[in-house]
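Working notes, beginning with the structure itself.
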Amino acid sequence: MSRPVYDSPRTAKSLATAEAPPAPQAVPVRAAAVPPALELRGVSKSFGHPGGDQLVLDDIGLAVAPGEFVCLLGASGCGKSTLLGLAAGIDEPSAGTVSAVGPRPALMFQEHALFPWLTAGKNIELALRLRGVPRRERRPEAERLLGLVRLNGAYGKRVHELSGGMRQRVALARALAQASQVLLMDEPFAALDAITRDLLHDELIRVWHEWNQPAGGARSLSVLFVTHNVREAVRLGGRVVLLASRPGRIARQWRIDLTYPRRLEDEAVAEKSKEITEELRKEISRHAGS
Amino acid sequence: MPGADIRRPPEAADLAGLSTGLDALQSTQHQGGARLGRVLLGRVAPPVVACVLILTVWELVHLSGVKPDYVLPGPRAVWDALVEQWYLGTTLGVIGQSVSHGALGFLAAVAIGTPLGLFVWSVRPVRTAIGPILTGLQSLPSVAWVPASVIWFGLTETAIYAVVLLGAVPSVANGLVAGLDQVPPLFLRAGRTLGAQGLRAVRHVLLPAALPGYLAGLKQGWAFSWRSLMAAELIAGSPEMGYGLGQMLENGRVAQDMPLVLATILLILCVGISVDLLVFAPLERYVLRTRGLLERAP
């Protein structure tokens, strides 16, 4: 057993043991001893429509512990992206409160959203600059972040010179440059091919672990990862939250107690995915009559 | 124990090898730069051939004698007129006079049109109010402003600049508005999550993102500046305004010197083409290429 095996981040692990044994069914959201890194309380969001307001999110209560990796799963129309917009502070909730520790949460999109007029390195430096990092420290920090996502030689590369997977890694480095304690990801790998996506899953988990190592000081990185892919959710998350659609509300939650790194083809992952898929299908069937 | 039956995960080193391997596979191979010979053949030869063809047709029409010499002089007579002007020693001064008027007027138009465009784009009522007027002004021939500016400012340089500005400002402003309209909302969202708000968002996200459209507006703005300037110089000539290409054209007309008129037209055309080739084309290519919006030259 000399081969390195990733450990769960300290905080997530302590939370998991605090709530052990894992319930076979839904895991109730409980107030943890540590204040959550991100907390949504009674959050609702409706958009004005000619025929009356349309409720998109209904009374969402969600707390993400420091260092926790939570996957938000749901079919179309469950308001996943809306929820991330609220968590990122780009949009305002119609009711309820959103609070996050540290600086503004970082947000990654399905499209890389890198600025094509800047090089990969300069994209990261812009994030550092907007955060107030002094000029002299920007370049080395950008290089360090590029190294973290294994793109050491990419500092001077233009966005269009990078492959889809490399772009998303630069986007990840740019998000990390914000030094937020919460990273929001809106289906970041959905547009990639299966091989690249599978590899980026591993890389993301690795970066998340490295960021949460004690060597990094007291900094923790919580991830809220939105996806419509059950396997992806089970593969990545320490907790999977299923959102019901129209309006979006939390239907059920599962704690995923599998060691990292996981593989898409692991039997345990498949088993858990099956269970969650059943639930997701039930959830979708509810809308058959409407 | 949960996960006990999980197969061994890849080691960190394996993952590094996988990542770099996939990157290598997905990176495009760099092709060598274009050969000089191919550039000459592909980019220089066609316009040269076109020019030669035009000159040949011109010479043939001239030789056929459908029009008398003083109405349609041949290419050689025009060339002689150019050479004669050159030996007078004033040609460069005349071109310089016009170009400096045009350039100054254009820069002023950029200085006014840019904030105007930003203002029109960002304030919706303003856009509704003067957006259509700006677009309309673009299609108004700037010659129409010459009589008005002469009445307002007399036969002075101010009158010339007024005409140039009225011709170019709408183009610059409209170009910026069009460029800003084409900025993908995703960039603005990304900028906001990075903490770019207000003026910082304008500087770091909005303006760079709008640059291609803005550049097209600048290019058109220059074309309009140059045209308006020629119109103004042609119609309103006075010693106070200096002696530019427009006045040279008018002198040729008064003297019924058709070779001089055609020679001057060629000079005006050459200035327009040179500015486009030397200033705007490289700028545009650079902007588009860095953004991956331009295929490598074949």
Exactly one of A:89, A:85, A:102 is modelled with pLDDT under 90 and touching an Asp or Glu at 6+ places or on another chain (Cβ under 6 Å), and that residue is A:85
Those residues of the stretch B:196-215 which are surrounded by 19 or more Cβ atoms within 10 Å (Cβ to Cβ) and assigned to a loop (DSSP other than H, G, I, E, B) amount to B:196
In this structure, does residue B:55 turn out to be in contact with a helix residue (DSSP H, G or I) (Cβ under 9 Å, 6 or more places away or on another chain), surrounded by 10 or more Cβ atoms within 10 Å (Cβ to Cβ), closer than 20 Å to residue B:266 by Cα and at pLDDT 80 or above? yes
Practice task
Check the stretch A:143-159 and report whether any residue there is more than 23 Å from residue B:290 (Cα to Cα), among the basic types (Lys, Arg) and either in contact with a strand residue (DSSP E or B) (Cβ under 8 Å, 6 or more places away or on another chain) or more than 9 Å from every other protein chain (Cβ to nearest Cβ) (or both).
Solution key: yes
Restricting the stretch A:90-102 to residues that are more than 8 Å from chain B (Cβ to nearest Cβ) and within 30 Å of residue A:139 (Cα to Cα), the one surrounded by the most Cβ atoms within 10 Å (Cβ to Cβ) turns out to be A:100
Subset of the stretch A:172-202, residues over 9 Å from residue A:106 (Cα atoms), surrounded by fewer than 21 Cβ atoms within 10 Å (Cβ to Cβ) and in contact (Cβ under 8 Å) with a residue 40 or more places away in the chain, comes to A:187, A:190, A:191, A:198, A:201
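Please report, ordered by residue number, the strands (runs of 3 or more DSSP E) entirely within the stretch A:177-290 with at least 2 residues that are within 14 Å of another protein chain (Cβ to nearest Cβ) and farther than 29 Å from residue A:126 by Cα. Walk me through it before giving the result.
Working: elements: A:182-186, A:222-227, A:239-244, A:249-255.
Ranges flagged: A:249-255.
Of all residues in the stretch B:111-131, which are of a type in the set (Ser, Thr, Tyr) and within 19 Å of the chain's Cα centre (by Cα)? Explain how you work it out, then say what you get.
The initial filter retains those residues of the stretch B:111-131 that are of a type in the set (Ser, Thr, Tyr), namely B:114, B:122, B:128.
Once the filter is applied, which keeps residues that are of a type in the set (Ser, Thr, Tyr) and within 19 Å of the chain's Cα centre (by Cα), the stretch B:111-131 yields only B:114.
Please pick out the residue among B:178, B:168, B:173, B:148 that is surrounded by fewer than 22 Cβ atoms within 10 Å (Cβ to Cβ), within 21 Å of the chain's Cα centre (by Cα), in a helix (DSSP H, G or I) and more than 14 Å from chain A (Cβ to nearest Cβ). Let's see the steps before the verdict.
Values: B:168 fails: surrounded by fewer than 22 Cβ atoms within 10 Å (Cβ to Cβ); B:173 fails: surrounded by fewer than 22 Cβ atoms within 10 Å (Cβ to Cβ); B:148 fails: within 21 Å of the chain's Cα centre (by Cα).
Criteria check complete, one pass: B:178.
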Note to self: So for the stretch A:208-222 (the condition being over 24 Å from residue A:89 (Cα atoms), among the aliphatic types (A, V, I, L, M) and crowded, with 18+ Cβ neighbours inside 10 Å), does at least one residue qualify?
What the structure shows: no
Restricting attention to the stretch B:238-277, the residues that are outside any helix (DSSP H, G or I) and surrounded by 19 or more Cβ atoms within 10 Å (Cβ to Cβ) number exactly 1
If I filter the stretch B:210-228 for residues that are among the charged types (D, E, K, R) and within 14 Å of chain A (Cβ to nearest Cβ), do I get at least one hit? no
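Residues in the stretch A:78-124 that are aliphatic (A, V, I, L, M) and on the phi > 0 side of the Ramachandran plot: how many? Quick ask: steps written out before the conclusion?
Initial filter on the stretch A:78-124 (aliphatic (A, V, I, L, M)): A:83-84, A:86-88, A:90, A:95, A:98, A:100-101, A:106-108, A:113-114, A:118, A:120, A:124.
Subset that is on the phi > 0 side of the Ramachandran plot: A:113.
Count: 1.
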Those residues of the stretch A:271-282 which are surrounded by fewer than 16 Cβ atoms within 10 Å (Cβ to Cβ) and of a type outside the set (D, E, K, R) amount to A:277
When residue A:211 is run through (1) modelled with pLDDT under 85; (2) touching an Asp or Glu at 6+ places or on another chain (Cβ under 6 Å); (3) of a type outside the set (Lys, Arg), the failure sits at (2)
Out of all the residues in the stretch B:132-154, is one or more farther than 20 Å from residue B:243 by Cβ, β-branched (Val, Ile, Thr) and without any contact (Cβ under 8 Å) to a residue 24 or more places away in the chain?
yes
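The values are calculated or read from the model by the stated rules, or taken from the named source; none is laboratory data. Only a predicted model underlies this, so the values are computations on that prediction, with no experimental measurement involved. Note: ideal-geometry Cβ built from the backbone for every residue, glycine included; neighbour counts use all protein chains shown.
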